[in-house]
1. Evaluate the distance, in nm, between pseudo-label points positioned 7 Å from the Cα of Glu126 and of Trp221 along their respective Cα→Cβ axes.
2. Rg and Dmax of region 227-292, using alpha carbons, in Å: what are they?
3. Between Ser374 and Asp319, 0.36 nm times their residue separation minus their Cα-Cα distance comes to what?
4. Write down the accessible area per residue of region 41-121 in Å², having rolled a 1.4 Å probe over the full set of protein chains.
5. If I histogram all Cα-Cα distances within region 331-427 using bins 5 Å wide from 0, what percent of pairs lands in each bin?
6. What span do the alpha-carbon atoms of the chain cover on each of the three principal axes, reported in whole Å from largest to smallest?
7. So how compact is region 103-259: Cα radius of gyration and Dmax in angstrom?
8. Regarding region 260-361, what's the average projected area of the Cα-atom convex hull, expressed in nm²?
Amino acid sequence: MKRNKIIMLILSVSMLGGLLGGCGNSSDSKGEKVTIEYWHTNSETRGGPTVEEQIKAFNEANPDIEVIGRYNDGYDGLMQNLQADAAAGNTPDLVQVSYSNLEYFPNNFSYTAPDELMENYSDNPEFISDNFAENIISLGTDSQGDLVGFPYAVSNPILYYNKDILQEAGLTDAPETWEEVKDYALTIKETTGKNAFHLQENDTWALQALLECNGGSFLTWTDGTPECTIADPASAEAFQLYADMTLNDKTSVHISTDEALQAFNAGELAMLASSCANLAGIEESASFEIGTAPFPVFEGKERAVPAGGCVLAVTSQDDEKKKAVAKFIEFLYEDDNLVDWVEGTGYVAPTDSALNSDGMQQLLAEDSLREAASSQVEDIIPWAAFPGDSGLQAQQYISDARDQILNGEDINTALTECQNSINALFE
């Protein structure tokens, strides 16, 4: 008899727990917590702590919502993970989509456009027009004229350098041209014995900047028709200097950018051409005097640097979650939070309101190292976004060609094969 009473008590508690648990998982308006998942690419040294702090602050201010952050290793890595999870029926709610994937993403995933989200799930239907200038909106717009996501991270590549190493090598000012970079690197190697240079390799973004600064290009559009043009003479010429530094001079190190960042911060690498988004991590980690300079150009050519970064794209499939996502997005774009985002990453503010805020003006005045990135705003061009489903494969072909060239293969052969393979994707 006693055993039966115990069983009945357990069953009663279990049923009560089930009812309470059911209330907690419901997405209707009964005051329960709505959980949303935010996928980002911000590592520990590239804005990760800022992302975590802002998620924590939002969760504390909104007890009815819980944002869970998930780090992904790079923008292309995030797309691959998203593809796998979507195939398994698991969809996050908010994801960072790089500008280079603006053609691939909308053709492969279900998403809610920014205008639709704010009109239907927010009290601020004019959020887009109130916050973003036309040139910033264009960064998040695909070839069909559709705004895919909220422009958020806006960066450009700059040159970081170790002032102590340059001084030891008898060099005072930063190099302005790629020809000077090559000469500087040789001098540094001969006088200090240290590794001299690295061009960001965790994607093809900085490589595009290198080629564009010699008049080359990844992708050319003619009357709405895309063509990969990476094998043009200007691109081959730029690659030749890069390959010579790597293979002949042995002054450019062909390693992962994470390894290069570690070497630079440890004082073992003199120059690093990489995103301004690395600035905050470098400032925190380096124990020497850092210098920053605009991304070098080739002699007689104009600077052209692709806008790096991402939009925030809404992949949530649930109405209550979309409301929570809209609220979280509005929080991220508050002036003070954007100032913290810029301070924690090195990005440029995406809204005029944040850029002109007192907090931002104070930040820029206090940190002269940010001047290199801000001085290149007028030189920004779009990050090459390959059409349709070709994006990830095209980027892989370019990465493969770079690796082949830096391992000694013929430049024109590698680029021509790469170009032909990418153009075959468009057919």
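1. Result: 2.9 nm between the two label points.
2. My reading of the Cα-based Rg and Dmax gives 14.7, 45 Å.
3. 15.9 nm
4. 43 Å²
5. Taking every Cα pair in region 331-427, the percentages come to 2, 12, 16, 12, 9, 10, 11, 12, 10, 6, 1.
6. The principal-axis extents, from largest down, are 89, 51, 50 Å.
7. For region 103-259, the Cα-based Rg and Dmax read 21.0, 63 Å.
8. Seen from a random direction, the Cα hull of region 260-361 projects 9.4 nm² on average.
The values are calculated or read from the model by the stated rules, or taken from the named source; none is laboratory data. All figures in this text were calculated on a predicted structure; none of them were measured in a lab. Cβ sites come from the backbone with ideal geometry, for glycine too, and all protein chains shown count toward neighbours. For accessibility, only protein heavy atoms count, side chains too; no ligands or nucleic acids. Shrake-Rupley method; radii C 1.70, N 1.55, O 1.52, S 1.80 Å.
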